[in-house]
Every structure is written in C-alpha cells, then in structure tokens.
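The values are calculated or read from the model by the stated rules, or taken from the named source; none is laboratory data. This structure is a prediction, so every number in the text was calculated from the model and none was measured. Counting neighbours? That spans all protein chains shown, and the Cβs are built from the backbone with ideal geometry, glycine included. The protein model used for the area step is the full one, side chains on, heavy atoms only, and it has no ligands, DNA or RNA in it. Shrake-Rupley method; radii C 1.70, N 1.55, O 1.52, S 1.80 Å.
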Amino acid sequence: MIKRFFELQEKVLGYYSDANTELLKKAYSVAADAHINQRRASNEPYIIHPLAVAAMLADMKLDEISIAAGLLHDVVEDSDYTIDKIKDLFGDEIADLVWGVTKISKISEVDTEDAKAETLKKMIIAMTNDVRVILIKLADRYHNICTLDALDEEKQKRIAKETLEIYAPIAYRLGMGKIKTELEDIAFRYAYPEEYKKLEKSIKSKKKWATAKFEKLKEEIKEILDKYHIPGEIHYRIKREISIYRKLKRQNINFDQVYDLLALRVVTDTIENCYALMGEVHQRWPHIPARFRDFIANQKSNGYQSIHTTIITPEGIKFEIQIRTHDMHKIAEQGIAAHWKYKESISFIEDDLRLQWFRDMIETHKENPSPKDFLSLVKGDLTPNEIFVFTPKGKVINLKVGATPIDFAYAIHSEVGEQCQGAIVNEHLVPLRTQLNSGDVIEILTSKNAHPSLDWLKWVVTNRARKKIMAYIQKREHTEYYEKGKRLWTKILREYKKKHNLRFTDDEVNQRIRNVYCTDVESFLRALGSSNRVLDKRALKRLFPEAEVLELKPIKKPQKKSSQFYKLVNVDGYNDIDVSFAKCCSPIKGERIAGYVTQKRGLVIHKEDCPNIRNVIESRLYKVGWNDIWDYPYRVKYDLVVHDKPGLLSAISGVTAKYDSNIVKVETEKISQTISKIKLVFEVKDINQLNKITAEFNHIKGLYSMDRKRVVN
Ligand code: MN
C-alpha cells in the first residue's frame, strides 16, 4: 500500500513520463492540508486514504485529472474547503469530478431500500456524465472496505452489504471483473460472517484433493497445447465463497452437492486458438451441453468474452474450463478501463456499450418514479441469464432468457416496439409471442397501425419493454376514458337540462364541476368514463340544486335474439339448450369441441384445446359433438403475410373458389416496402374443407405465414 506521495508520482510516471506532476503535487498538498488534523478510524493519518484511492486510479492508468480528483475526493465532504475553492484552485474539470463524488457520498448513510435506490440512481447519472466519477467512487469504496476492521460491527455490515448490492453490480456492469471480485470477496466476509466461516472451512477441507485433481488436468491440457503448438497459460481455482453461497441459496442444496467447484482457465493468443483448444478439449472429454457458453461469438453486454465449457473426467469429476485470449482477459479484468489511453480525451469512451446500458436504465426510469422499482430493475437486469440475438445487420442485442420479438423491438427503439406487428426470425415469420434463442437473427416488421396491447404484457420479460407497454396502455386508457366520459356526460346533461328546463352554458356547467368536485373538467370526465365516478341523482343534485330530482333509468342492454346454433351440435342429455360459439377460438364443424355452461349465454362451444376452458371446473363442461345433418357457413379469418407481387390475390381467391368457399372480406395492409398483410375472411362448411384450402395456401409462392384469427360465427 502506498504511503507517500512520491510513490504515487513514480507510479504515474511509470506509464506516462510526461505527466503533469506539478498538478498532482498541488492536489496532494491541498488534500494533506485539508485533512491535516484528521485520522482514519484505524488511527492512521487521513491522507493515507486519498493516496490509496489515487494509487488505485493510477493502477487503472487513468489521466492526471482523475488522479488529482482522487486525491481531493474527500476534501469538500470532510473539511472546510468549499467546492468553489477547489474550482478556483484546479478548474472546472477536477471540481466537477470532486463534486460528483461528494454528492454520492452524502446520500449513502441511510440503510433503507429507498436510500439505496437513490444512491444508485445518483451514481448512474453521475457516471453517464463522466464515468471517472464512478471509477473514483469504486476506488474509494475498495479502500474503505479493505480497512473495515477498524469500524464497529454494525457499520461493517452496512457498508459491506451496500457494497454487494450496489458497488459490485456496477463494477460488473462496467465489465471490471477484477475489482468486482475483490469487492465481493471482502464484503461477503463482513456481510455474512457466519456463512463465510462455514464455507471457508468446507473449501479448506477440499483444498488438498482439489489441488491434486487440478494439477493432473493441467498436465493433460498442457499436453494438448504442446501437441497443437497452442501457446497458453493455465490457471485454476476453487469457486469463490460468495459464488458458492449464492448457488446454495439459489438451488437450495448443500456444499457437497455443488459440482462445479473447480474452474480452470486457459489464456491463449488468438481466437482461432481458443476454438482449436475447445475442439480438442471436447474431443478428449465429454462435456455438458447445457453448460457450454460461447461468449466469444456472443459477447456479454458488459464486454466479457470467453468460452465456458464443463467437462467430466473419467473419475467423474466436473471442471469448468474457460478459454480466452489475452485481450479478452484484460477486458474481463478491467472492463471499461481496459482501453483507457492516457491523455486521450474521455469522449471515446462515451460510446462504450457498457455506459449505454446505464443510459437505457435512466431512460427507462424516467417513466417509473418509484426508487424501489428502480433498484429491483437494476438488480433484476443484473442477473446474468442473458441471451444474445442479432439484428439483420449483425448488431448484438442482449436480452433476458424468455424474451420475445417484442422485447427485441423495444430494445432497438421504443418506436419500433410500439409499432411492431410481426417478426422474421431466422428468415421465418413467427408470432410475436415466440421465445427467442441465442444466435437468432431478428427483423421486426412495423406498421403505423400497430399498437401495444395488453397481451404483450404476458409475452415480454424485459423491464424496458414492460414499462413502455404499460405507459402506452395507461396513456391510451386515459384518452379512452376521457372520450367515453365525455359522451356519457353530454348525453346525461342534455337530457337533464331538457327535463328540468335548465339553461346553463357549458362554461357555467364546467365552473360548477370544478367547484363541486374540486377537480378539472378533464379529470371529472375521465373518472366518469372509467366508472370511478358514478353520476346518480344525488350527484346531479349537488351540481344542480335548483333542479328537481328525477329518477335516472339505467340504460338497458338489448336482449340477444336466441340463435339457431343449437341445431348444429349435439349435447349429451339436452335438446333445447341455448348454444353459442366462443369468440376466443371460433370452432368450426369437425374440430374437437367442448361446451361450457355460462349463466348468460347458455352453452358456449369452445375448441377442446382452447386455453380459456383449460382451467374451468369439470362439472360445467359438457360433452358436445357436431350434428351431421345441419350445415352452416362457418366464417374463418386468416391473416396472411405475403410478399407483394402481382397475381397473389388472385392466386388466393383461386384456391377458395376451387374448394367452393366464399370470400367474405379482404383487407390489405402494408407492413413494409415489399411485405403486406392480407386479412381474409371466408366461409367453410367444415374443417376438412378448411384443411384443403390452407394446404393449398401453403404452396402459394410469396406467402410467408398464415395465422388463424378469431371471428364471430
Ligand atoms: Mn473517501
């Protein structure tokens, strides 16, 4: 640990011989002066701390501005120096960094979820302005956690947990694997001392055994490397305590059941050699396919690249083997700081995809004001169960496991999400609810007429998409309720005024609404439209005390005429039951069906596999069959996605004509320059006829997909 300024200076000169040492010296003397009478909890002189922080920044080979700011980072917080004074002495850039760090420190004292979320948010905002603020903060936290021993237990725990929940995830997101690992390892010891001790003991008991196995495998891998002239360094380690702890908790198992305790890493020179070695390893030992991950072809969103594979030796021991190049290793350890070129402007780093991730977080958060949600958002998106998919141009998009084209569309741009209406995955048109897999190439079809629907919420898994869809639906409901409320109100008001011979102008009425309900007219109408407010006679009397009270009749729904559908089906044990066809699945003759008894509509006929009857009570389901005697022109509706070209429509109508089916309706809608959607409604008498027609549709060139839609028979 560096204890004196000249050591720091030498460190900086070591990687940048032209460094402005005057600036560093000045920063050091101001810091030394500011903290002159202060001591750390360990009773060491306080200046030890900023020196250690600056030294860590020098280890990251940062510029002298960052290092000076590192030396000064606690000055404004802990001494009489003001930020203006720092600005006078060192200029805007350093002052901004110091101020950024100070702002973050001020709020991290409270141990509530809200406070944590707030800290996190401020950090992320500060960071996207200038990532150096966070690098200083991470160095600060690292030194603080290394010196936790001097604090009381309660403080140790608080700081350690905050480190695990906020600082380590941020380091992970920035791809700084080394500092993330170190922060976690030390913090875990203080945050969960009992668990740590237990695991440490368990690991110790395995150490001798593990080392022997490691050495044996290392030799065997060395043989492979030599045989194929692949250069490579081999390292191995037992899984870290905190990783085991998380695994035990997640899978509810005990230590002896953790099978991937042993990990071995080979660092080589080129990507070709990574794959060559992987091939040889897979030749020699069986591997577990489910545990194979190619993060070289599919980079993680934090920039991490490596091949992970788990092999099983003849003794039945499982090893995780990681294979990567030196460059990848450097990036895995240093992340965003890996490519830092001394003296180069920091602007080149602003496009870094790791920072982009944080910017997206903030943008998402704009529509989501609760800090608690924000925290879970960040934590939620931090779990590394990601898939990697591609745009048609080859850009990698990271999504959560289970993501659908809708998630993908929103990840591209919210506008693409809002207008997405179809997706081509690996050159096949698929429904929007299709789950994506790593490696998929996805093209989103958009249309100005497409809009998010409630269904989408069931299909998306990313927070970003969910928030955007909710926001859209809320906004739409807002307008809908308003329109509905306005219609309702106009009608009620007109009748009421007529009946009571009232002569108020609209302005006068609105004034009364504002006075009586203490709200603006728009909210009043919205509440009316959403049925949150009911206008009964008492309410009207409050608005118009001069009118006589009269009874408002409830608006009656027209009675549905009873249908002839009962003829079409046979219901076990019933002759005259009221029958209708379910709108959700619109079954047609010949399809397997079941009847479901409802109070209002009698027996409703669903397709047997309709999801809407899957969970209903057995006793309300009836066996139903088709009545062969009666025919009925069942309507079916198909959405056909087609490549626009002349003759396509006539090909389609040719097929329906061939099988004696009437087309009831055709609508065409452009999806893109060359792709259109045809909404087709036609009549069939049974499923056989329909099957023949659709089979022939399938042979029409330029028809990408068909999707049967519901239609009311
Ligand atoms: Mn500090």
(request) Using the structure shown, select from K623/K692; K583/K677; K208/K400 the pairs with a Cα to Cα distance greater than 30 angstrom. (result) K208/K400
(message) Just want to confirm a number: the relative contact order over the chain, from Cα pairs under 8 angstrom separated by 6+ residues, in percent.
(response) 7
(message) Applying a 10 Å radius around every beta-carbon, put 480-492, 679-691, 58-70 in order of their mean neighbour count, most first.
(response) 58-70, 679-691, 480-492
(message) Given the -39500 (n - 2.57) contribution per DSSP H run of 4+ residues, what per-residue ellipticity at 222 nm results for the chain, rounded to the nearest 500 deg cm²/dmol?
(response) -15000 deg cm²/dmol
(request) Run the quick spin-label model on V461 and D660: label points 7 Å from Cα toward the beta carbon, then report their separation in nm to one decimal. (result) 4.9
(message) Using a Cα-Cα cut-off of under 22 Å, which lysines could be cross-linked to K11, ignoring same-chain neighbours fewer than 8 residues away?
(response) K3, K25, K26, K61, K137, K178, K330, K341, K343
(request) Compare the peptides 127-134, 589-596, 694-701 by average per-residue count of other Cβ atoms within 10 angstrom and give them in order, highest first. (result) 127-134, 589-596, 694-701
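At most 14 other Cβ atoms within 10 Å and a DSSP loop assignment: could you name the trypsin sites (Lys or Arg not before Pro) in the range 236-343 that fit? Intermediate results must be reported in sequence, preceding the final value.
Details: sites: R237, K239, R240, R246, K247, K249, R250, R265, R284, R291, R293, K300, K318, R324, K330, K341, K343; in loops: K239, R240, K300, K341, K343.
For trypsin sites (Lys or Arg not before Pro) across the range 236-343 that sit outside H, G, I, E and B with at most 14 neighbouring Cβ atoms in 10 Å, the list reads K341, K343.
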(request) Could you let me know the centre-to-centre spacing of the range 257-272 and the range 439-490, using Cα atoms, in angstrom? (result) 45
(request) Could you state the angle between the C-alpha long axis of helix 648-658 and the longest principal axis of the C-alpha atoms of the chain, as a value from 0 to 90 degrees rounded to the nearest 10? (result) 50
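Determine the share of the range 561-713's accessible area contributed by carbon and sulfur atoms, expressed in whole percent, with a 1.4 angstrom probe.
Numbers: 4260 of 8930 Å².
Of the solvent-accessible surface of the range 561-713, carbon and sulfur hold 48 percent.
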(message) Between R240 and H413, what's the calculated FRET efficiency when r is the beta-carbon distance and R0 is 45 Å? Round to 0.05.
(response) 0.70
(request) Within the set of other residues whose C-beta is less than 15 Å from the C-beta of I36, count the net charge using Lys and Arg as +1 and Asp and Glu as -1. (result) -3
(message) Output the 0 to 90 degree angle, nearest 10, between the alpha-carbon long axis of helix 271-284 and the longest principal axis computed from the alpha carbons of the chain.
(response) 80
(request) Taking a cut-off of 20 Å between Cα atoms, list the aspartates and glutamates near K497, but don't count ones fewer than 8 places away on the same chain. (result) D506, D507, E508, D536, E546, E548, E551
(message) Per residue, how much accessible surface does the chain expose to a 1.4 Å probe? Answer in Å², no decimals.
(response) 53
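Sorted by accessible area with a 1.4 angstrom probe, largest first, how do L151, L535 fall? Provide the component values of the computation, followed by the final result.
Working: L151 50, L535 20 Å².
So the residues, ranked largest to smallest area, are L151, L535.
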(message) So for the range 410-486, averaging the separation of alpha carbon pairs under 8 Å that are six or more residues apart and normalising by length, what relative contact order in percent results?
(response) 29
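Please give the length that would be gained between E233 and K484 if that part of the chain were fully extended, namely 0.36 nm times their separation in residues minus their C-alpha to C-alpha distance (nm, one decimal).
Details: separation 251, 0.36 × 251 = 90.36 nm, distance 7.08 nm.
Gain on extension, E233 to K484, equals 83.3 nm.
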(request) With a 10 Å radius around each residue's Cβ, average the other Cβ atoms per peptide and rank 497-507, 13-23, 177-187, highest first. (result) 177-187, 13-23, 497-507
(request) Could you compute the FRET efficiency for Q251 and S105, with r as their C-beta to C-beta distance and R0 at 41 Å, rounded to 0.05? (result) 0.65
(request) Count charges around T147 for me, please; just the other residues with Cβ under 9 Å from its Cβ, Lys/Arg as +1, Asp/Glu as -1. (result) -1
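In nm, what is the difference between 0.36 nm times the number of residues separating D226 and E182 and their Cα-Cα distance?
Values: separation 44, 0.36 × 44 = 15.84 nm, distance 3.33 nm.
Using 0.36 nm per residue and subtracting the Cα-Cα distance, I get 12.5 nm.
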(request) Please give the helix 687-697 orientation as an angle from the longest Cα principal axis of the chain, in degrees from 0 to 90, rounded to the nearest 10. (result) 50
(request) Would you work out what percent of the accessible area of the range 402-498, with all protein chains in place, is carbon or sulfur (probe 1.4 Å)? (result) 50
